[in-house]
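Remarks on the structure that follows.
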Amino acid sequence: MLAGSAAAAAAAPARAASAPIPLFDGKTLDGWIQIENSATILSSGGITDPAAFAAKLAKGQDSVSEFLRSRLPDALKQDLAAYDPSSPNAKAVVSALVKELNAILSGPSIYEKARFRGIVLRPETDRLLRQNPSGQQLARWNKILLEDAYPAELAKSVTTGWIVKGGAMASTGVGRGVIYTAKDYGRFRLMFTMRHVSGNPDHQGCILIFCTRPGANEKPLDALAGIQFQVPNGGRWDYRPGRNNNGGDEFTKVTATHFDPHEWSRVEILADASKGTARMAVAQPLGSKAVEVLDFHDPSAGKVGPIAWQMHNAGLFDEFKDVTIEPDPSVDDLVTMR
């Protein structure tokens, strides 16, 4: 019986090895899509002058301030009128304001011709005005209308946070967001070289797998509801709806490493959406044998979807290069550990 099986195996044709496919050519970001959370959502950090903004919303006689004030809860209006940046509750007041304003921004258009008379609109705002936007574009329009109405109090947001710099995909530190592949992947070997340049506030470089692709004009889920691997020392997070935590038994720290995140690392991630499994190995310095750092296993998390680099917060600068993917790899093991 064993001899027959061996003979049959010997006669069977060997499975052809799949060739890695480049995901980044070192020149353009073709094949990648960017989402900046700040493009449609106001954050506390986006308010550059909280005292002046609070004063305008509480007492301003301009039409936009009067409109927004009419939509705010009475208790919050009282807090804004008494706002003092040195007060112990100053941060809580700003957080409550951000929550209320984001609810307004996610609703119908805030634009009315009379309401915005005299306000200088940037070219992007004016262009969207003529397009009658909906969905995500409407949320973007509302956000930049608000920014144009308060140019001294709010930072101007952008829709992109990644550029090509020195042959690498480089984050610009503008805000929280992701850049993700235009194609979906289920079972794959992802290979890339990366380094964390700097951060203020600081956070390790983040990779997202098993992500949820947003539909046309659909608001993306935060971090695309993906499973996060942090390079190079194996931090992690589970962004699935209802979880949003650093995980439990589904993550296993295989090796306690102390790699320098500011040095280049060669990273391999072997993932299988059908099983909900993923393994990450890291080699530092480049050219050395990799060490398996972090494993993930949760069948309910497996999902065919895009792969993403995540900017956890504004002020982060990471670089990625030599990015390839091997769909349906013929070797079901971490090859960089050999």
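The values are calculated or read from the model by the stated rules, or taken from the named source; none is laboratory data. Worth saying up front: this structure is predicted, and the values here are computed from it rather than measured. Counting neighbours? That spans all protein chains shown, and the Cβs are built from the backbone with ideal geometry, glycine included. Please note that ligands, DNA and RNA were not included when accessible areas were found on the heavy atoms of the full protein model with its side chains. Shrake-Rupley method; radii C 1.70, N 1.55, O 1.52, S 1.80 Å.
Per-residue answers, yes or no, for (1) open to solvent by 40 Å² or more (accessible area, probe 1.4 Å); (2) assigned to a strand (DSSP E or B); (3) under 12 Å from ALA308 (Cβ atoms); (4) of a type outside the set (Phe, Trp, Tyr):
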{"site": "PRO201", "(1), (2), (3), (4)": "yes, no, no, yes"}
{"site": "GLY215", "(1), (2), (3), (4)": "no, no, no, yes"}
{"site": "GLU218", "(1), (2), (3), (4)": "yes, no, no, yes"}
{"site": "LEU224", "(1), (2), (3), (4)": "no, no, yes, yes"}
{"site": "GLN230", "(1), (2), (3), (4)": "no, yes, no, yes"}
{"site": "GLY234", "(1), (2), (3), (4)": "no, no, no, yes"}
{"site": "TRP237", "(1), (2), (3), (4)": "yes, yes, no, no"}
{"site": "ARG240", "(1), (2), (3), (4)": "no, no, no, yes"}
Problem - Residue that is least open to solvent (accessible area, probe 1.4 Å) [pool: residues in the stretch 85-106 that are more than 24 Å from ARG117 (Cα to Cα) and without any contact (Cβ under 8 Å) to a residue 12 or more places away in the chain] - result: SER87
Handout entry: Filter result (surrounded by fewer than 20 Cβ atoms within 10 Å (Cβ to Cβ), closer than 30 Å to ARG195 by Cα and touching a residue at least 60 places away in the same chain (Cβ under 8 Å)) within the stretch 114-162
Key = ALA155, VAL158, THR159, THR160
Completion exercise
Turns out the strands (runs of 3 or more DSSP E) fully within the stretch 244-338 with at least 1 residues that are more than 21 Å from ALA19 (Cβ to Cβ), of a type in the set (S, T, N, Q) and open to solvent by 10 Å² or more (accessible area, probe 1.4 Å) are 251-253, 277-283
Fill in the blank from the handout: Residue pairs within 9 Å by beta carbon, gap of at least six or interchain, first lying in the stretch 59-84 and free of Cβ contacts under 8 Å to residues at least 60 places away in the same chain and open to solvent by 40 Å² or more (accessible area, probe 1.4 Å), second part of a helix (DSSP H, G or I) and among the polar types (S, T, N, Q), listed first then second, are LYS59/SER65
